[in-house]
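Down below is the structure, laid out as structure tokens.
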Ligand SMILES: [Zn+2]
């Protein structure tokens, strides 16, 4: 066991310089040691009575694994089930649809009757008048070609297996341990997982203490690039799967180390001994959190573009923050998991919104982004909320609750009727942080809220909505009932000005006089050369005129329309135009009064006239202006005080990835 004091450099990394006014380093960081929480090593006794799964890959090139499971049998019949969803990704995905040709037998190989009884359950029945043996063998082929963080993927080169979409469990047997044995095809070198090795000592054999741990511990197989390092006595592994191309795993590790150090300092506790960052270079993006690992998908070309690289760092920061915020500090309503049904939660905005707030902020505090880049990220989040008409329809808490049927199942009307608990959640977290800072005279912040909530509610039960709010009020020293009613349970328009002014910031003023083209209030797509409406903005001009999704736009007046932007460029707000459209194959005319596009620029900028105290509040929040150090390792960073400004390269992609593909 190794206990390390947090070095001063990490405090500096967090933006806290001892002489700085209003910058209180976290108490845990200065007074206590940060050391990983150790688990008892597994013994052969832990493996007794374990369900056993053997996974082979004879047909990997065609995306199949063969799973052979030895499960307990009892009485005349026993039911076995597969999860229909996986924690962190709130959609019923029906994993059982990838199970093929299941059979049941005794250990001696005698066939047993197997019957599918629901979409995700199978029943094994003893011969007439008999009882099942204590151990039943179930075999099936598993199809895996969905290259996402929450499903399975297998090909000739590699595999990603998630427990929920791979393994069966007996009804009522969630507490049983699971032993998993992998037989690797020729040419595959490694299996990687946060599961502990099976005490039997075989290669590629692991043991999960129960079904929750099995589901929470994805396994990567193939020949990944493997890197390992220690931070505060805990081991970290970066496993990169896929052709590296321009991807530089060393740089990925170097930057990830800084994120890890900053988040250890933030929480003051390292709740694992070993943590695995899976990085699959499938292209695209996304991530899914686990207790001691995260699966991320990246594009190898992200490494070539500074903004896309920051997007990837944002993803790392986001998923890693979940190690605390949700994997241990979680809403009481989100556990124990019901793996066969939706699990409803009104606090997903705490889980995802607060995490989305801190993913950017902790990149800044780790000196991986500049002050300006942080403000750009904040601006983007504000813009996303304000660009969503559904913010006036759906509250943050309702958005959380309905994630299963709305956020995860978007359609052409989603933006009109809903708001993202990621985007609005992160904006509300920003407002909440500011409230706490202001109410406590700059002495405390949302950081303290999260640490206190972790201390109180990271146990078995989790927190209720009221308990989380009570922690915020306790730290702020002020009631927040109105804040909750307005921003969490309500759909009121958000007032950004006061919160921004607290930090000496403001929204870039809009030029009301500027000449702008007319606005129709639709988004269109090119459907084989046709300009077709894909979305109609609620209460916009097209909405008022009765234009519909799937209407094809043919002409404005008598002028053939080739591009909507071009056509609108010839108009002004207030113009009355006659549109020729096609709907269900017939032409018709629709008269529309064009409007003025709602504000689309939500750029947060430093207010040059703000008093010095506001600048100090900003520096206590973000660290001093403009410092970013790209090269040195964390403990060298602040010590030598060098600064290497990175140019702003436009919006990062990580937040969008976190929203659309990450969980
Ligand atoms: Zn998340």
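The values are calculated or read from the model by the stated rules, or taken from the named source; none is laboratory data. Since this is a predicted model, take the numbers as computed values, not measurements. No Cβ is skipped: glycine too gets one built from the backbone with ideal geometry, and neighbour counts run over all protein chains shown.
Scanning segment 51-69 for residues that are buried (at least 18 other Cβ atoms within 10 Å of the Cβ) and assigned to a loop (DSSP other than H, G, I, E, B), we see that the one that is farthest from the ligand (Cβ to nearest atom) is 57.
Within the set 282, 321, 277, the sole residue that is more than 14 Å from the ligand (Cβ to nearest atom), at pLDDT 95 or above and touching a helix residue (DSSP H, G or I) at 6+ places or on another chain (Cβ under 8 Å) turns out to be 277.
Within segment 529-547, being out of contact with any helix residue (DSSP H, G or I) (no Cβ under 9 Å at 6 or more places or on another chain) and outside any strand (DSSP E or B) holds for 529, 541, 542, 544, 545, 546. Here 312, 301 are screened, and the one residue that is in a helix (DSSP H, G or I) and either assigned by TED's automatic domain parsing to the domain that holds residue 237 or at pLDDT below 95 (or both) is 301.
Can you confirm whether segment 50-64 contains a residue that is free of Cβ contacts under 8 Å to residues at least 60 places away in the same chain and under 18 Å from residue 178 (Cβ atoms)? Step through it out loud before you land on a result.
Narrowing segment 50-64 to residues free of Cβ contacts under 8 Å to residues at least 60 places away in the same chain: 62.
So of that shortlist, the ones also under 18 Å from residue 178 (Cβ atoms) come out as none.
Scanning segment 50-64 turns up no residue that is free of Cβ contacts under 8 Å to residues at least 60 places away in the same chain and under 18 Å from residue 178 (Cβ atoms).
Would you confirm, using the coordinates I've provided, whether residue 171 is under 19 Å from residue 64 (Cα atoms) and surrounded by fewer than 20 Cβ atoms within 10 Å (Cβ to Cβ)? Answer is no for this residue. Among the residues of segment 345-366, at least one is within 22 Å of residue 606 (Cα to Cα), more than 16 Å from the ligand (Cβ to nearest atom), in a loop (DSSP other than H, G, I, E, B) and touching a residue at least 60 places away in the same chain (Cβ under 8 Å). Pairs under 6 Å by beta carbon, first residue closer than 12 Å to residue 323 by Cα and away from the ligand (no atom under 12 Å from the Cβ) in segment 289-301, partner in a strand (DSSP E or B) and at pLDDT 95 or above, six or more apart or different chains? As it stands, the answer is 292/275; 293/276, since those pairs meet every condition given.
Of the helices (runs of 4 or more DSSP H) lying entirely inside segment 551-663, those containing at least 3 residues that are modelled with pLDDT of 70 or more are 564-569, 612-622. Being surrounded by fewer than 17 Cβ atoms within 10 Å (Cβ to Cβ) and either assigned by TED's automatic domain parsing to the domain that holds residue 245 or in contact with a helix residue (DSSP H, G or I) (Cβ under 9 Å, 6 or more places away or on another chain) (or both) is not true of residue 177. Among the residues of segment 118-131, the ones that are within 34 Å of the chain's Cα centre (by Cα) and over 17 Å from residue 72 (Cβ atoms) come to 3 in all. Within segment 382-402, one or more residues are within 19 Å of residue 434 (Cα to Cα), away from the ligand (no atom under 16 Å from the Cβ) and either touching a strand residue (DSSP E or B) at 6+ places or on another chain (Cβ under 8 Å) or not in a helix (DSSP H, G or I) (or both).
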